[in-house]
Amino acid sequence: MPNTLQLERLLARAEAVLGRFEATLPAPPPTPDWTTAIAFRWRKSNGRGWLQAIRQPHPVRLAELNNIDDQKNRMVDNTRQFVAGKPANNVLLTGTRGSGKSSLVKAVLNEFSTHGLRLIEVDKEDLVDLADIVDLIEGRNERFIIFCDDLSFEAGETAYKALKSVLDGSISAPPDNVLIYATSNRRHLMPEYFSENLETKRVDDEIHPGEATEEKISLSERFGLWISFYPFSQDDYLNIVNHWLRYLGVNENVIAHSERDALNWALGRGSRSGRVAWQFARDLAGKQPSNRKPAK
C-alpha cells in the first residue's frame, strides 16, 4: 500500500512538471483561413513556420503599370492559363531595379484573385521550408503563386537546392496548383565571376561551359518563362511621372511645369525607373495644397 501511495505522488509530481513544461512551449501554428485574404506571408518563430494572412495587400492594378505592355501581356497570359487549370510556367522576372517587376506580380494577383488565385510570399532565407509550404496547399481548389522577391544567392548558399526541388519536383511531381514567380536583378540568380570563363572548354568545335557556370544556369533554366525588364527612356520615364501625378490629383498646370524637376530627381538617384517616378510624384503631390487621392 505505501508503494502505491508513493507511486501516485510521483505521478502527480511528474504531471505537474509536464504541465509547467508544456506552458513554455510555443502555441501550434494557426491553420490558415483561406477565405479571409488573397495574400499570405510565410513567417517563422522558434523554429515553427506558419502562413500569416496579409489583410491589406498592395492595391496596384495592371492599368496603372505603364511602358511594360509586353511584359504585362506575357504575365497575364501565363497566369490566365494557370487559373483556368491549363499548363503554365514558373516565371522569372529579371532586369533593372525599380522597373515594375514586383508590382506586376501584385497586379496579376489583384486581377485574378476573384478566379481563385492566391499568393504566398516567401523570403529567401525561408526557401528551405518550401516543401512544408507546398504540403499545406497541395490538393486545394485555389491556385497558388509562391512569390520570391529580389531573389539571388551568394556563393556557398544552399537554399537554392530547395527551390530547385519545387521547380522541377524531386521524387514526386510538383503540384499542379502551385507556381513560383520570382524577381531578381540577376538573370541566373547567382553571382558570375570572370574566373569561371576560364573553365569553358572547346570540344569538337563546340563551347561547353564549366561546372560552376552550368550549376548557375541550371537553376534559372527551371523557370519556364523568363520576362526581362529594361531601363526606361527619358520619354517613358516622364510619361510615368505624369501618370502618377494625375493619379495623385496634381493640377495639370503643375504637371506641365514639372518636367525639369522630374529629370533632376532621376539624375540625383542615378536611375529612370517606375519606382523613381512614383517617388517623385509622391514628393510633388505632397507639396500641393490639396490632392484628389491620398498616396498609396
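The values are calculated or read from the model by the stated rules, or taken from the named source; none is laboratory data. Predicted model, so just to flag it, every value in this text is computed and none were measured. Cβ coordinates were reconstructed from backbone atoms using ideal geometry, including for glycine residues, and neighbour counts include every protein chain displayed.
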Those residues that are farther than 20 Å from Arg43 by Cα and among the small types (Gly, Ala, Ser), I need them from the stretch 84-122; list them, please. Ala84, Gly85, Ala88, Gly95, Gly98, Ser99, Gly100, Ser103, Ala107, Ser113, Gly116
Which is part of a loop (DSSP other than H, G, I, E, B), within 26 Å of Asn239 (Cβ to Cβ) and out of contact with any His (no Cβ under 6 Å at 6 or more places or on another chain), of Val105, Val60? Val60
For the stretch 149-166 the number of residues that are modelled with pLDDT of 65 or more, of a type in the set (A, V, I, L, M, F, W, C) and surrounded by fewer than 22 Cβ atoms within 10 Å (Cβ to Cβ) is 3
Restricting the search to the stretch 38-53, which residues are farther than 16 Å from Val134 by Cα and touching a residue at least 40 places away in the same chain (Cβ under 8 Å)? Ile38
What do you reckon, is Ala16 outside the structural domain of Leu109 (by TED's automatic domain parsing) and either at pLDDT 70 or above or part of a loop (DSSP other than H, G, I, E, B) (or both)? yes
Could you say whether any residue in the stretch 127-135 is in contact (Cβ under 8 Å) with a residue 24 or more places away in the chain and within 24 Å of Phe229 (Cα to Cα)? no
Checking Ala53, Ala27, Ala23, Ala63 in turn, the sole residue that is at pLDDT 80 or above and over 17 Å from the mean Cα position of the chain (by Cα) turns out to be Ala63
Would you mind finding the one in Ser218, Ser271 that is surrounded by 12 or more Cβ atoms within 10 Å (Cβ to Cβ), at pLDDT below 90 and not assigned by TED's automatic domain parsing to the domain that holds Ile68? Ser271
